[in-house]
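J.: Quick one: the structure is below, questions incoming.
The values are calculated or read from the model by the stated rules, or taken from the named source; none is laboratory data. Just so it is clear, the structure is predicted and the values come from calculations on it, not from any experiment. Here the Cβ positions follow ideal geometry from the backbone for every residue, glycine too, while neighbour counts run over all protein chains shown. Areas reflect the complete protein model, heavy atoms only, side chains present, ligands, DNA and RNA absent. Shrake-Rupley method; radii C 1.70, N 1.55, O 1.52, S 1.80 Å.
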Amino acid sequence: MSGKTLPRKELFDLPEGVIYLDGNSLGPLPRGAAERALDVIRDEWGGELIKAWNSAGWISLPKRVGDLIARLIGAPEGSVATGDTLSIKVYQALAAALRMRPDRRVILSDSGNFPTDLYMAQGLIDTIGKEYELRTPAPEEVAGAVTDEVAAVMLTHVDYRSGRMHDMAAITARAHEAGAVMIWDLAHSAGAVPVDLTACKAEFAVGCSYKYLNGGPGAPAFIYARPDIVTDVQPALAGWMGHDAPFAMELGYRPAMSTERLRVGTPPIIQLSILQQALTVWDGVEMADIRAASIALSERFIAEVEARCPQLALASPRAAEARGSQVSFAFAHGYAAMQALIDRGVIGDFRAPNIMRFGFTPLYLDEADIVSAAETIEDVISNELWRDAKYQSVSRVT
């Protein structure tokens, strides 16, 4: 890794005096993103009006942004479609997978999966019926639960609570050995850890762009479909923008002959433009360098916090290779402690019942930030600053 590459703090607008360890939940504002949004609003929408779909290239923006994301997840150009929300993309991928295995009735996930993925799976089952079943063994038991009953294996690569990371290549191979379709949720992986969708041969992957990709709150989701299966994918949500020729205005649905068939609604142009600008921070950056720096930062963080705060229990895997780009500690008073930290300029977040989460983004964090954050954590925990009454009231967003 070249020391000239990371970090790239000058490419982000971060508040002075803040150590931001929550990029695993919402990435910070990249410089130029606000100006890009204003250009789209004022010059393109304001000046070009509806002409901007052609004159400003709005209609092709989802594909252009998808190609930028593809590079970060080991996918070829044209294989990633952007737009809509992650929940919708989960539904699309899962519905398509079940149609690809019409003689099977089991969806396999795990008990640690992010709730929305499980909600969407159960909602799909409730809609189509036909005796489908959602199974959720413990994460470490997934590989052994892949049987010839399973139509689709749907897993989040990096666990949102602990940062535990599944072995993507091994589980995908096991799913294929059993004849199942593989779906990966990359919400906590894209821009955080190296992913090679081409090599692992998974049929589908989905993800959001507001975490490590820094696309902003509500930034659009993405979906990958393996190029050799695209023309066999039957979208359950057959939207106008997924039609092969939307402006032919045909009454019957004729899907696009590419991953574009997985587009649904009108693309969010302002958000996509912000995301396109945000992705420029990755120019010249390799995911292998990001991973090496992330491990170095997280290992230093674990060592510092454990030495300073024995009251906190590591809730993430000890082995760096089994962990994504976050570190979680369990603490009975984790919510109040996190509020005290935020009050002192160290921003992480909390997940029930007792998890304090810290994300490591080498694009804008360095070793000095990590040591300073650990010193603040020591102050809050050792001096029980979290006991202050103002930290006891739980906000709606934790």
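J.: Hey, rough spin-label estimate for Leu134 and Lys390, points 7 angstrom out along Cα→Cβ, what's it come to in nanometres?
T.: In this crude spin-label approximation the distance works out to 4.0 nm.
J.: Using only Cα atoms, find the angle between the long axis of helix 367-382 and the longest principal axis of the chain, and express it within 0 to 90 degrees, rounded to the nearest 10.
T.: It works out to around 60 degrees.
J.: Tell me which trypsin sites (Lys or Arg not before Pro) from the range 103-143 have a DSSP coil assignment and no more than 10 other beta carbons within 10 Å of their own.
T.: Loop-located and lightly packed - Lys130.
J.: Quick one: length gained pulling Trp53 to Tyr119 fully straight, 0.36 nm per residue minus the C-alpha distance?
T.: Taking Trp53 through Tyr119 to full extension adds about 20.3 nm, to one decimal.
J.: Relative contact order for the range 320-398 using alpha-carbon pairs under 8 Å, separation at least 6, rounded to a whole percent?
T.: Relative CO of the range 320-398 lands at 37 percent.
J.: Quick one: check the C-alpha center-to-center distance for the range 143-210 versus the range 75-98, whole angstrom.
T.: 14 Å
J.: Enumerate the lysines that Lys63 could reach by cross-link, defined here as Cα to Cα under 30 Å, with residues fewer than 8 away along the same chain left out.
T.: Lys9, Lys51, Lys89, Lys201, Lys211
J.: Counting DSSP beta bridges with both partners in the chain, what percentage is antiparallel, nearest 5? Could you put the intermediate results ahead of the total?
T.: Working: 22 of 38 bridges.
Roughly 60 percent of the beta bridges in the chain run antiparallel, per DSSP.
J.: Label Glu141 and Ser372 with points 7 Å out from Cα along Cα→Cβ: what is the distance between them in nm?
T.: 4.6 nm
J.: Only residues of the range 237-271 count here: report those whose backbone N is under 11 Å from the spot 7 Å along Cα→Cβ of Thr231, or say none.
T.: 257-258
J.: Oh, and also: Mind pulling the angle between the C-alpha long axis of helix 86-100 and the longest principal axis of the chain? Nearest 10 degrees, somewhere in 0 to 90.
T.: Relative to the chain, helix 86-100 is tipped by roughly 50 degrees.
J.: How large is ³J(HN,Hα), in whole Hz, for each residue of the range 334-341 in order, when computed from phi with the Karplus curve 6.51 cos²θ - 1.76 cosθ + 1.60 and θ = phi - 60°, using x for Gly and Pro?
T.: Residue by residue, the range 334-341 yields x, 5, 5, 4, 5, 5, 5, 5 Hz.
J.: Follow-up. From Cα pairs below 8 angstrom and at least 6 apart in sequence, can you work out the relative contact order of the range 87-139, rounded to a whole percent?
T.: 47 percent
J.: Next question. Relative to the longest principal Cα axis of the chain, at what angle does helix 115-128 sit, 0 to 90 degrees, rounded to 10?
T.: 30 degrees
J.: Suppose a student asked you for the relative contact order of the range 38-166, using Cα pairs under 8 Å spaced at least 6 residues apart; what percent would you report?
T.: Relative contact order for the range 38-166 comes out at 21 percent.
J.: Calculate, for the chain, the solvent-accessible area per residue in square angstrom, rolling a 1.4 angstrom probe over the heavy atoms of the protein chains.
T.: Using a 1.4 Å probe on heavy atoms only, each residue of the chain averages 41 Å².
J.: Treat every Asp and Glu Cβ in the chain as -1 and every Lys and Arg Cβ as +1, leave all other atoms uncharged, and give the resulting dipole magnitude about the Cα centre to the nearest 20 debye. Don't jump to the answer; show the numbers that get you there.
T.: Values: 37 positive and 50 negative charges, 112 e Å.
Rounded to the nearest 20 debye, it is 540 debye.
J.: Considering only the range 169-277, what is the antiparallel percent among its DSSP beta bridges, to the nearest 5?
T.: Numbers: 5 of 8 bridges.
Within the range 169-277, antiparallel bridges account for around 60 percent of the total.
J.: Which of Leu155, Leu14, Pro62 sits closest to the plus end of the dipole of the range 1-156, meaning its Cα is farthest towards the positive end, when Lys and Arg get +1 and Asp and Glu get -1 on the C-beta?
T.: Projecting each Cα onto the dipole axis, the largest value belongs to Pro62.
J.: OK, next. For Lys130, which aspartates and glutamates qualify as cross-link partners when the Cα separation must be under 15 Å and same-chain residues fewer than eight apart are set aside?
T.: Hits, sequence-local ones excluded: Asp103, Glu149.
J.: Separation between the Arg64 and Ala296 pseudo-spin-labels, each 7 Å from Cα along Cα→Cβ, expressed in nm?
T.: My value for the distance between the label points is 3.5 nm.
J.: I've got another one for you. Calculate, for Ile342 and Glu286, the FRET efficiency according to 1/(1 + (r/R0)^6) with r their C-beta to C-beta distance and R0 30 Å; round to the nearest 0.05. Walk me through the numbers on the way to the answer.
T.: Working: r = 32 Å, r/R0 = 1.08.
It comes to 0.40.
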